[in-house]
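Step one of this worksheet: look at the structure below.
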Amino acid sequence: MSDSTEHFAPPSARSPEELAARVKAMESILVEKGIISADAIDYMSSVYENEVGPQVGAKVVARAWTDPEFKARLLQDASSACREMGATGLEGDEMIALENTDQVHNLVVCTLCSCYPWPVLGLPPNWYKSPSYRARAVREPRGVMAEFGYTPAPEVEVRVWDSSSELRYFVLPGRPNDTDGLTEGELAELVTRDSLIGVSVPRTPSEA
Ligand code: FE
């Protein structure tokens, strides 16, 4: 995460040690009361650490860049197209992919809390949940993007989309220039989490 995102740290942020202690305490109580098993917690943590994350969304985007029919299905029904690629599960029943074009740049926020398309992006970063990001993404999206190092051209229309628990958005960014010869796997490496949220755009091959 770049330094610019520090700005979005929630004012009430606790130290990692405090947070870890609170999580440990909650876990102990849930296990003690028989609400969840320690194995189930380990399993879920491992899945969201190693299997589900923005690398899944990156693969979806790379396929859309190289397979026009898949792209059409993705824009028509993102949840169903993502299921084709095994990107399914919690918090992904209703997803919409927003296509960036030369005229339109999309940015996603959850103004109410932190709704996020887990199957393609994993768990949201802390800044996405911060009151500062949730307010400023709506009021001054260009200012927010500038802090992530991205400045859309003045003539580009910026559209801000408010995710909810019923409907979660992610961005289908434009394919970077000079990527004609790249494989789908190489293209996926250019797609960052931030570009799927829309605060930024994918890396170019030279940046990667
Ligand atoms: Fe939310």
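The values are calculated or read from the model by the stated rules, or taken from the named source; none is laboratory data. Please read all numbers here as calculations on a predicted model, not as lab measurements. Every residue, glycine as well, gets a Cβ built from its backbone with ideal geometry; the counts of neighbours run over all protein chains shown.
Of the residues examined, Ser130 is not one that is surrounded by fewer than 20 Cβ atoms within 10 Å (Cβ to Cβ) and either in contact with a helix residue (DSSP H, G or I) (Cβ under 6 Å, 6 or more places away or on another chain) or not β-branched (Val, Ile, Thr) (or both). Tell me, yes or no, whether the range 130-138 has at least one residue that is outside any helix (DSSP H, G or I), in the same structural domain as Ala58 (by TED's automatic domain parsing) and away from the ligand (no atom under 15 Å from the Cβ). Looking for residues that are outside any helix (DSSP H, G or I), in the same structural domain as Ala58 (by TED's automatic domain parsing) and away from the ligand (no atom under 15 Å from the Cβ), one finds none in the range 130-138, hence no. Of all residues in the range 168-189, exactly one satisfies the criterion of being surrounded by fewer than 20 Cβ atoms within 10 Å (Cβ to Cβ) and basic (Lys, Arg), namely Arg175. Would it be correct to say that Asp93 is within 24 Å of Val160 (Cβ to Cβ), of a type in the set (Asp, Glu) and assigned by TED's automatic domain parsing to the domain that holds Val138? So Asp93 fits the description; yes. Just wondering, is there one or more residues in the range 142-149 that are part of a loop (DSSP other than H, G, I, E, B), more than 14 Å from the ligand (Cβ to nearest atom), among the small types (Gly, Ala, Ser) and over 19 Å from the mean Cα position of the chain (by Cα)? No, because not a single residue in the range 142-149 is part of a loop (DSSP other than H, G, I, E, B), more than 14 Å from the ligand (Cβ to nearest atom), among the small types (Gly, Ala, Ser) and over 19 Å from the mean Cα position of the chain (by Cα). The residue pairs whose first member lies in the range 106-131 and is within 19 Å of Val56 (Cα to Cα) and of a type in the set (Gly, Ala, Ser), whose second member is at pLDDT 95 or above and within 11 Å of the ligand (Cβ to nearest atom), and whose beta carbons are closer than 7 Å, counting only pairs six or more residues apart or on different chains, do not exist in this structure. Identify the residue in the range 89-119 that is modelled with pLDDT under 95 and not in a loop (DSSP other than H, G, I, E, B) and, among all such residues, is surrounded by the fewest Cβ atoms within 10 Å (Cβ to Cβ). Going through the qualifying residues, I end up with Trp118.
Among the residues of the range 133-146, those that are under 20 Å from Ser165 (Cβ atoms) and either surrounded by 15 or more Cβ atoms within 10 Å (Cβ to Cβ) or of a type outside the set (A, V, I, L, M, F, W, C) (or both) comprise Tyr133, Arg134, Ala137. Among the residues of the range 27-83, those that are farther than 19 Å from Pro119 by Cα and either among the aliphatic types (A, V, I, L, M) or not in a helix (DSSP H, G or I) (or both) comprise Ile29, Leu30, Val31, Lys33, Gly34, Ile35, Ile36, Ser37, Ala38, Asp67, Ala72. Test Gly89 against the stated conditions and say whether it is within 19 Å of Phe70 (Cα to Cα), of a type outside the set (Asp, Glu) and out of contact with any Leu (no Cβ under 8 Å at 6 or more places or on another chain). Taking the combined requirement at face value, the residue does not satisfy it. In the range 99-129, of all residues being within 13 Å of the ligand (Cβ to nearest atom) and in contact with a strand residue (DSSP E or B) (Cβ under 7 Å, 6 or more places away or on another chain), the one that is nearest to Gly174 (Cα to Cα) corresponds to Val108. Per the conditions (1) closer than 18 Å to Leu121 by Cβ; (2) at pLDDT below 85, the sole criterion not satisfied by Gly57 is (2).
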